[in-house]
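One structure below.
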Amino acid sequence: MSANARIASVTVAFNPDPARLAAQLEALRGQVDEAIVVDNASATATADLIRKLERPAAEGQPAVRVISLADNHGVASGFNQGIEAAARRNCGYVLLLDHDSVPAPAMVQALVAAHREASARGPVAAVGPRVRDARDQHEYAFIRLGWARNPRVRCADSSGLVRCDFLISSGSLISMQAYGQVGRFDDELFVDYVDLEWCCRARSMGYSLYGACAARLEHRIGDNTRTVLGAVRIHVHSPERLYYMMRNRMLLYGRSHMPLKWKLSDVPRGAVKVATALLFVPPRREYLRMAWAALRDAARGTGGARLRP
């Protein structure tokens with residue numbers, strides 16, 4: 001690869017499963033030039049294991065560089081620090097990853113090819129892979145934003161591009177040019193809706209987003225899944241995550257670049273998700289406490305890491 005086509009992966013880690021993170025780095029062999037892991041102040045034993053993954057480049061293997069943070073700065077800040085480290089190393093593209101994602105063979109090459117094809121149509125903010133949940137093999141569709149509901153678009157075949165309005169951060173390939181124009185991920189959001197906000201900001205600036213049907217990623221969404229009322233499949237998040245999801249969506253309602261159709265459809269969707277957690281997922285008292293804290297902080301315009309109590 002030429003210097004401006006160098007690709008770095010940026011993984012933000014917080015108390016990951018070290019074996020799964022190691023599997024991710026192994027899967028990146030031959031796919032990226034550098035692998036940057038930003039450790040968001042994991043517990044000491046885990047942080048030590050992450051640091052042991054650091055290694056110089058070898059034949060067919062990317063260099064693995066670990067950025068160890070003293071405090072948990074959140075996903076957005078972790079991505080920003082990793083991307084800016086990649087820029088200093090003359091990388092032209094970054095592949096964003098969560099610590100529990102594992103790329104399929106040749107995923108990055110498929111994303112690069114998709115990015116080049118999409119760029120012939122106009123400015124591209126990011127391209128992303130087809131995402132499959134590692135636990136139940138469920139494949140997630142690409143998303144377009146709608147007034148009443150968000151249409152899901154699936155790949156008709158194993159190749160081609162799907163234009164969409166939103167990509168999850170994990171698996172997204174972003175050019176440094178697009179990152180420089182669209183700007184940094186919003187640190188104030190800390191963890192949830194970081195990718196949605198950046199995608200909507202990019203689209204408001206005339207950039208497009210595409211799903212790459214030939215690229216595949218194994219990922220885990222939510223802490224686990226549960227079926228309620230005998231038929232409805234939901235993602236279960238911790239009370240702490242409910243706080244960020246609820247607070248951040250309310251903060252985003254006030255952002256002018258967030259589409260009105262998303263705001264109108266998200267209010268009832270968010271209410272249903274919170275009600276479902278409060279009614280069906282223990283510990284209900286802790287979920288209620290976090291929901292109240294989210295309402296309080298959103299009303300104050302408070303972002304960043306959760307204030308305690």
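Where a number appears in this text, it was derived from the coordinates with a stated rule and is not lab data. In this text the structure is predicted, and so the values were computed from the model without any measurement. Note that each Cβ is placed from the backbone with ideal geometry, even for glycine, and that neighbours are counted across all protein chains shown.
The table that follows gives values for the structure above.
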item: For the chain, cysteines whose Cβ has no other cysteine Cβ within reach (under 4.7 Å); result: CYS91, CYS164, CYS199, CYS200
item: Spin-label pair ALA87/ALA63, simplified geometry with 7 Å Cα→Cβ offset, distance in nm; result: 1.9 nm
item: Selected from ALA148, ALA63, MET250, residue furthest toward positive end of dipole (the chain; charges at beta carbon); result: ALA148
item: Theoretical gain in end-to-end length, LEU264 to ARG296 [0.36 nm per residue, Cα-Cα removed]; result: 9.4 nm
item: Cα-based helix-to-principal-axis angle, 239-252 vs the chain, degrees rounded to 10; result: 90 degrees
item: Cβ-defined net charge surrounding ASP100, 10 Å radius [Lys, Arg +1; Asp, Glu -1]; result: -1
item: Acute angle (nearest 10 degrees) that the helix 107-119 long axis makes with the longest principal axis of the chain, alpha-carbon atoms; result: 90 degrees
item: Label assignment, P(r) over Cα pairs in 20 Å bins from 0, in percent derived from the structure, set [x] 27, 33, 19, 16, 5, 0; [y] 25, 41, 27, 7, 0; [z] 33, 61, 7; result: [z]
item: Other-chain or far-sequence residues with amide H under 5 Å of ILE36's (modelled H); result: SER9, VAL10, THR11, ARG65
item: Simple label model, 7 Å out from Cα along Cβ direction - LEU279 to ARG163, nm; result: 3.9 nm
item: Nearest-ten-degree value, helix 194-204 long axis tilted from longest Cα axis of the chain; result: 80 degrees
item: Charge-dipole axis of the chain as Lys and Arg at +1 and Asp and Glu at -1 on Cβ define it, positive-most pick from TYR207, SER175, VAL102; result: TYR207
item: Order of HIS138, HIS237 under a 10 Å beta carbon neighbour criterion, fewest first; result: HIS138, HIS237
item: Residue order, fewest to most surrounding Cβ atoms within 10 angstrom, among THR11, THR302; result: THR302, THR11
item: Given the chain, longest segment not containing exposed loop GluC sites (Glu not before Pro) (DSSP; at most 15 other Cβ within 10 Å); result: 60-309
item: Spin-label model distance (nm) - ARG51 vs ALA23, 7 Å beyond Cα toward Cβ; result: 2.7 nm
item: Near-label residues of the stretch 24-42 by backbone N, under 19 Å of a point 7 Å along Cα→Cβ of ARG116; result: 30-34
item: For the stretch 283-290, 3J(HN,Hα) per residue [Karplus equation, 6.51 cos²θ - 1.76 cosθ + 1.60, θ = phi - 60°, Hz, x = Gly/Pro]; result: x, 4, 5, 6, 4, 5, 5, 5
item: Length added when fully stretched, ALA271-TYR140, from 0.36 nm per residue minus Cα-Cα; result: 44.9 nm
